[in-house]
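Below is one structure, written out as structure tokens; the observations come after it.
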Amino acid sequence: PSFGLTSQTQLATLDYRLQEVLVDAVKYYDFAIIEGHRGEVAQNAAFAKGLSKLPWPKGNHNKSPSTAVDCAPFPIDWSDRPDSICRFCYMAGFIMASARRLGIKIRWGGDWNQNDDLRDEGSFRDWPHFELVEG
């Protein structure tokens with residue numbers, strides 16, 4: 001697998017550490033980069049739709065370069081079925097493994113508290129979302 005033009009364009013908006021993780025992970029699992037940096041209009045639209053918990057400019061997507069990214073398994077299926085969610089979990093495993101191998105700390109929107117228990121995340125799960133963890 002490799003990134004197509006749209007994914008490459010979004011990749012270029014990311015912090016170099018996220019770029020390293022994603023370039024490594026795509027070698028093992030095919031996924032697309034949906035969005036890196038998010039401008040004011042896009043962030044406020046995501047917030048209004050309940051797809052983000054933060055308005056502009058408070059989100060990690062709003063930094064430049066972006067310290068957050070949204071990805072989806074390829075081919076993309078946005079349905080909210082168990083098999084679709086499982087594909088996001090599978091993708092997250094590859095991305096998280098690449099981050100660990102590279103020594104880069106990231107958090108996945110399917111496991112906000114980073115305890116590897118996906119059952120205790122409450123109602124807001126952001127399956128496509130990954131972000132750098134500082135410190």
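The values are calculated or read from the model by the stated rules, or taken from the named source; none is laboratory data. Just so it is clear, the structure is predicted and the values come from calculations on it, not from any experiment. Counting neighbours? That spans all protein chains shown, and the Cβs are built from the backbone with ideal geometry, glycine included. Note: accessible area is taken over every heavy atom of the protein model, side chains too, but ligands, DNA and RNA are not part of it. Shrake-Rupley method; radii C 1.70, N 1.55, O 1.52, S 1.80 Å.
Quick rundown of the values:
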quantity: At q = 0.16, 0.25, 0.34 Å⁻¹, base-10 log of I(q)/I(0) for region 30-72 (Debye sum, equal scatterers on each alpha carbon); calculated: -0.36, -0.81, -1.20
quantity: The chain - percent relative contact order, Cα under 8 Å, separation 6 or more; calculated: 25 percent
quantity: All aspartates and glutamates inside 14 Å of Lys58 as judged from Cα atoms, apart from same-chain residues fewer than 8 positions distant; calculated: Glu40, Glu131
quantity: Radius of gyration and maximum dimension Dmax of region 73-135, Cα, Å; calculated: 11.9, 35
quantity: Calculated Rg and Dmax of region 2-50 using C-alpha coordinates, Å; calculated: 12.3, 35
quantity: Proportion of all alpha-carbon pairs of the chain beyond 27 Å (%); calculated: 12 percent
quantity: Inter-probe distance in nm under a simple model that places probes 7 Å from Cα toward Cβ, at Asp77 and Tyr90; calculated: 0.9 nm
quantity: Listed residues Gly122, Gly36, Gly93, most fluctuating in the chain (Gaussian network, C-alpha, under 10 Å); calculated: Gly122
quantity: Other-chain or far-sequence residues with amide H under 5 Å of Ile34's (modelled H); calculated: Asp70, Cys71, Ala72
quantity: Span-rule helices in the chain, defined as complete DSSP H runs reaching 18 Å or more along the axis (Cα) with Kyte mean at least -0.5; calculated: 82-102
quantity: Loop-resident sites, region 41-135, for chymotrypsin sites (Phe, Trp or Tyr not before Pro), counting at most 12 other Cβ within 10 Å (DSSP); calculated: Trp78, Phe124
quantity: Accessible surface of the chain, 1.4 Å probe, proportion on carbon and sulfur as whole %; calculated: 57 percent
quantity: Residue-normalised accessible area of the chain, expressed per residue, 1.4 Å probe, Å²; calculated: 55 Å²
